[in-house]
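Q: Below are the structure tokens for one structure; questions will follow.
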Amino acid sequence: MTYDRNDTPGTADEYVLGLLDPRDAAEVEVEMERDADLKAAIAASRERFLPLDTSMEPAAISEGLWRRIEAALPVQSKSIEKMPPTRPANDNRRGWRMTALLAIAATIALAIGLAASLMRIQEPLVIAVLLNDAGEVQAVVEDFGSEKAVVRMLADFDVPSDKTIQVWTLPSRETGPVSLGLIDGIHSATLDGPVLPTPQRDQLYEITLEQAGGSPTGLPTGPILAKGFAKLPR
Amino acid sequence: MLTGHAPDDLDKALAACAKGDRTALRGIFDREAGRLVAVAERIVRRRDLAEEVVQDAFIRIWTHAHQYDPTRGSARGWIYAIVRNRALNLLRDGKREHTVEEVDALRESEQVNEVIAAWRKLDRNSLLHDCLGALDETKRHGILMAYVGGYSHGEIAGRLRIPLGTAKSWIRRGLASLRECMA
């Protein structure tokens, strides 16, 4: 990363003007999906410069251009289902590492509290303590593997009626983020997720706020409420 | 920080596109394609490539309409950004099939006129017009060359005959002044 992370408005302007080198521009595009401030700064920058485009004289357009477009349009519903994961979800490695360090501290504290629950016959394979940006514990995910995970909500979230909380994990960067399920309202829940590889230590778990019914793309699109890395219960 | 704006027809058209309504996409085409081709052509410098850019962009608008979020800027800004990005990518990938000499000749003759023209076409009462006008000429030209013509830092430094580092820092400072002026 060569652009200045501490100058979000400046980075946004340079991105919008096309002045970032291609590698940085690609990183900004990944980052903006996770960083609401950056996304807002880019939107604001686009609006500032947009009059330079909209004040142009339109070129004469042939009907042929529309015909070429129309001939290439995929059917809409299928195009959404088939849409491959286009962006690596875990490019913000430094950010995750920071969170991981906080998570370790929180996990140790919570592990003591969880000791009783670990006495159960079936033990989770991994436990992830999910923290918000401020480092506060928001939820715990216990992943039992075999398509079952339990999420325990430890904080109140403001979930508008047209939104829902969605639980995600990142089995590997190649797989991309995978939904474990939706939480109806704000309470702890048992999730029947898809068949996934056995959860590993340091596997990422996160909860995001998505539109009701879950993310339309099958990938996290909404703001991240909390995230954390899996630890192995001892 | 949200860039609030009133929902307009383009917002509705994008929502309809997300549901598979081709007439909505056609509506966007009828309304914006002429200007979008002109915007792309200003960057890629060839009409055929500009149409290719706009063709690809409309397919992306169609397949990604569901990702447009009205709380994060206007539908028009989102649509133009798709076209601009594709035009810039084409430029950076070097697919524009002019020889270096042709490009140099084209750019040398057109660059200053074109960026000044873009600035002059802005509404005289607009904040962007005034705030660009308040910048030093070099900073203004650098910013306009980047946005209007898709020039890189290196190309701008060459055209303005200043060192690369100077061009970068002048543009950065110019952009900061512009943000402050327009805030």
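Laboratory data are not the source of any read-out in this text; all were calculated from the coordinates shown. Note that this is a predicted model, so its numbers are computed, not measured. No Cβ is skipped: glycine too gets one built from the backbone with ideal geometry, and neighbour counts run over all protein chains shown.
Q: Taking Cβ-Cβ under 4.7 Å as the only way to count a partner, pick out the unpartnered cysteines of chain B.
A: B:CYS17
Q: With a cut-off of at most 16 other beta carbons within 10 Å, and DSSP calling the residue loop, which GluC sites (Glu not before Pro) in the range A:157-218 qualify? Please list them. It would help to have the intermediate numbers written out before the result.
A: Values: sites: A:GLU174, A:GLU206, A:GLU210; in loops: A:GLU174.
Taking the range A:157-218 and a limit of 16 other Cβ atoms within 10 Å, the loop GluC sites (Glu not before Pro) found are A:GLU174.
Q: I would also like to ask the following. For the range B:51-93 and the range A:9-24, what is the centre-to-centre distance using only Cα atoms, to the nearest Å?
A: Each part reduced to its Cα centre gives a spacing of 16 Å.
Q: Using only atoms on other chains, find how many Cβ atoms lie within 10 Å of each Cβ of peptide B:25-33 and report the average.
A: 3
Q: If you take each beta carbon of peptide B:138-148 and count the beta carbons of other chains within 10 angstrom, what is the mean?
A: Details: counts 0, 0, 0, 0, 2, 5, 3, 1, 7, 9, 5.
Average per residue, whole number: 3.
Q: Which stretch or stretches of the range B:61-88 have amide N atoms under 17 Å from the point lying 7 Å from B:ASP123's Cα along the Cα→Cβ direction?
A: So the set is B:74-77.
Q: With r as the distance between the Cβ atoms of A:ASP133 and B:GLU137 and R0 = 51 Å, compute the FRET efficiency 1/(1 + (r/R0)^6) and round to 0.05. All intermediate terms of the calculation are to be shown ahead of the outcome.
A: Details: r = 43 Å, r/R0 = 0.84.
Efficiency, from the Cβ-Cβ distance: 0.75.
Q: Could you tell me the calculated FRET efficiency between B:ILE162 and A:ASP21, based on Cβ-Cβ distance and R0 = 30 angstrom, to the nearest 0.05? Don't jump to the answer; show the numbers that get you there.
A: Working: r = 19 Å, r/R0 = 0.64.
Plugging the Cβ-Cβ distance into 1/(1 + (r/R0)^6) gives 0.95.
Q: Roughly how many nanometres apart are two label points built 7 Å out from the Cα toward the Cβ at A:ALA36 and A:GLU174?
A: Reported label-point gap for A:ALA36 and A:GLU174 is 3.5 nm.
Q: Evaluate E = 1/(1 + (r/R0)^6) for A:ARG68 and A:ALA155, where r is the Cβ-Cβ distance and R0 equals 51 Å; express this FRET efficiency to the nearest 0.05.
A: On the way: r = 52 Å, r/R0 = 1.01.
About 0.50, to the nearest 0.05.
Q: What does the charge count around A:VAL159 come to, taking other residues whose C-beta lies under 11 Å from its C-beta (Lys +1, Arg +1, Asp -1, Glu -1)? Present the calculation step by step, with values, prior to reporting the outcome.
A: Details: positive: A:LYS163; negative: A:ASP156, A:ASP158, A:ASP162, A:ASP184, A:GLU210.
Neighbour charge sum, excluding A:VAL159 itself: -4.
Q: Also, I was wondering about something else. According to a simple spin-label model (label point 7 Å from Cα along Cα-to-Cβ), what is the distance in nm between B:ARG47 and B:ASP130?
A: 3.9
Q: Among the trypsin sites (Lys or Arg not before Pro) in the range A:120-160, which ones are in a DSSP loop with at most 15 other Cβ atoms within 10 Å of the Cβ? Mind listing them?
A: Working: sites: A:ARG120, A:LYS148, A:ARG152; in loops: A:ARG120.
Filter output for the range A:120-160: A:ARG120.
Q: What pairs in A:LYS39/B:LYS19; A:LYS39/A:LYS163; A:LYS163/B:LYS19; A:LYS227/B:LYS19 have C-alpha atoms more than 23 Å from each other? Numbers along the way, then the final one.
A: On the way: A:LYS39/B:LYS19 25 Å; A:LYS39/A:LYS163 20 Å; A:LYS163/B:LYS19 19 Å; A:LYS227/B:LYS19 32 Å.
Cα-Cα > 23 Å for A:LYS39/B:LYS19; A:LYS227/B:LYS19; rest within.
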